[in-house]
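Input: a single structure, listed below in structure tokens.
The values are calculated or read from the model by the stated rules, or taken from the named source; none is laboratory data. Computed from a predicted model, the values in this text were never measured in an experiment. Cβ coordinates were reconstructed from backbone atoms using ideal geometry, including for glycine residues, and neighbour counts include every protein chain displayed. These accessible areas exclude ligands, DNA and RNA; they are computed on the full protein's heavy atoms, side chains included. Shrake-Rupley method; radii C 1.70, N 1.55, O 1.52, S 1.80 Å.
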Amino acid sequence: MMIEMGVTAIRMANYPQDPFLFELCDRYGIVVWCEIPLIGQEFGTYNGFVNSRSFKENCKLQLTETIKQNYNHPSVMFWGLFTNLITRDDDPVTFIKDLNSLVKRLDDTRLTTASSNQDGGINFVTDVIGWSQYLGWREGSVSDVDRWLKQLRAEWFMLKSGIGEYGFGGSVTHINDTLRRPYPRERLNPERWQSRYHERFYEIASQFPSLWGTFINAMFDYGSINYMRGDSPGVKNLGLVTYDRRFKKDAFYFYKANWNDTEAFVYIPDKRWNERIDEIQNIRVYSNQTNVELIVNGKSQGVRHGTNGVFIWNNIRLSRGVNKLEAYSGRVSDSADIVIDPDLIR
């Protein structure tokens, strides 16, 4: 699925991975960011680091084993030292410097990195830094990413910055007619909002070519016992593919439109929102082709030129009942049936 989407780099989850995954990345030429589980707590008082001898020796052992076990995999380009450590209480900066030095003694051919959500000196230790950036999810709006990146470029240009993680939840069974951002603790997580979030984030980030990489959290929905948003309690629905791998979400095809330049395709998103109220609709299509034609109930709605793989037809009038949508670009196509029923509002 990652190959289909056009992925060129993977940030592996922060714990040891099956050697087979490294072998696949070697085979397919996918760059790997591999890291140890030195992780700060997102919402709590524990900062992820304890300034004790046993704790630090354990971290050094895990880092040493990680490097020695995976040293001969050409796909590995980054050794990750920490994720979202909080710089209060036991300050981890001195220890991160020790870990960085340990990497250089064991392997001076790769870069060190980390994912950070803090200000300060902790960001100036590794060779490059990846930011944990969720503007538009828990706080602010996704458009604030533009202002943040401009400030980062102006004031912290000496940092070699990437985006270590970003994303938004989306459930394929959650449908609503009003396109709005879910509240931070709201159970409802419509797939449609997730795809719009990724469209906007990608649009902004692509304007900053100095970013050395951008990593989506995550490719697949994954287990998280305390996560109660979305359609499956205990499953974090940040993925572009459902937990059971049965459904590729719309956002999957948005990235395929931007990253896969070898397999021509056309895809109509929002097709799971197949019962709607309003007869006037804006229709979207994702494709990696230059031009796409939309046909509604057998009549052409014209050809559009896309931006970042998104093609839009505004104010298309649909009929009450079943409407047949077809999108074409050369030999590739997709279709969807949309039912317009004003009585659904009752």
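Applying the selection to the range 122-137, what residues are among the β-branched types (Val, Ile, Thr) and either closer than 16 Å to SER101 by Cβ or crowded, with 21+ Cβ neighbours inside 10 Å (or both)? Once the filter is applied, which keeps residues that are among the β-branched types (Val, Ile, Thr) and either closer than 16 Å to SER101 by Cβ or crowded, with 21+ Cβ neighbours inside 10 Å (or both), the range 122-137 yields ILE122, VAL125, THR126, ILE129. In the condition set (1) touching a residue at least 24 places away in the same chain (Cβ under 8 Å); (2) out of contact with any Phe, Trp or Tyr (no Cβ under 8 Å at 6 or more places or on another chain), ASP343 is compliant with all but (1). Filtered by the rule that a residue be more than 16 Å from SER141 (Cβ to Cβ) and assigned to a helix (DSSP H, G or I), the range 166-218 gives GLU191, ARG192, SER195. Scanning the range 162-179 for residues that are touching a strand residue (DSSP E or B) at 6+ places or on another chain (Cβ under 6 Å), without any contact (Cβ under 8 Å) to a residue 60 or more places away in the chain and under 21 Å from ALA114 (Cα atoms) yields GLY162, ILE163. Look at THR87 and say whether it is more than 19 Å from LEU211 (Cα to Cα), hydroxyl-bearing (Ser, Thr, Tyr) and surrounded by fewer than 17 Cβ atoms within 10 Å (Cβ to Cβ). Against the criterion (more than 19 Å from LEU211 (Cα to Cα), hydroxyl-bearing (Ser, Thr, Tyr) and surrounded by fewer than 17 Cβ atoms within 10 Å (Cβ to Cβ)), THR87 does not qualify. Applying the condition of being closer than 14 Å to GLN281 by Cβ and of a type in the set (A, V, I, L, M, F, W, C) to the range 300-321 and asking which residue is most open to solvent (accessible area, probe 1.4 Å) yields ILE312.
Of all the residues in the range 110-121, those that are surrounded by fewer than 21 Cβ atoms within 10 Å (Cβ to Cβ) and at pLDDT 95 or above number 2.
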